[in-house]
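Everything below concerns the one structure shown next.
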Amino acid sequence: MKGNWRPRIAGAAAGLANGVFGGGGGMVFLPILSRGDALSQRRLYATCVGVIFPVCLVSSLVYLWRGGGDILTRALPYLLGGLAGGFLGGKLYGKVSTTFLKWLFAAFLFYAGVKYLL
């Protein structure tokens, strides 16, 4: 139990970001995990991807429970594309350099930040 505070804080931050913003738990999780943990870059990205599904599932269930509307009907077109993209990304895993992944992730964060502000 002792020494497990970092993963719990990272999980709580990812869940909070996901619940408040409707996504983005992985974006919070990556910088927190990259500080001090002995994970390789590839394992770090894989861990972040692995945490996204359960966190998003919990957030979706809470939205539905609180009367968030017809989320499933609106989300279905995006879900199908997300499944296809996730499959393709999994196939590319290990074939893309970690330097490229870092720049791509930074570009995505920049783009998302600008879109949120506008």
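Quick notes on this one:
- The mean sequence distance of close C-alpha pairs (under 8 Å, at least 6 residues apart), as a share of the length of the chain, puts its relative contact order at 20 percent.
- Expressed in units of 2.2 N^0.38 Å, where N is the residue count, the Cα radius of gyration of the stretch 39-103 is 1.39.
- Accessible surface of the stretch 1-59 [probe 1.4 Å, protein heavy atoms]: carbon and sulfur percent: 68 percent
- In the chain, the sites counted are trypsin sites (Lys or Arg not before Pro) in DSSP loop states with at most 15 other Cβ atoms within 10 Å, and the longest stretch holding none of them, exclusive of the sites, is 3-34.
- Here the extension length gained between F105 and R74 equals 8.5 nm, from 0.36 nm per residue of separation less the Cα-Cα distance.
- Over every Cα atom in the chain, the radius of gyration and the widest Cα-Cα span, Dmax, amount to 15.4, 43 Å.
The values are calculated or read from the model by the stated rules, or taken from the named source; none is laboratory data. From a predicted model like this one, the values you see are computed outputs, not experimental measurements. As a convention, Cβ positions derive from the backbone with ideal geometry for all residues, glycine included, and neighbour counts pool all protein chains shown. Heads up: the accessible areas ignore ligands, DNA and RNA and are worked out on the full protein's heavy atoms, side chains in. Shrake-Rupley method; radii C 1.70, N 1.55, O 1.52, S 1.80 Å.
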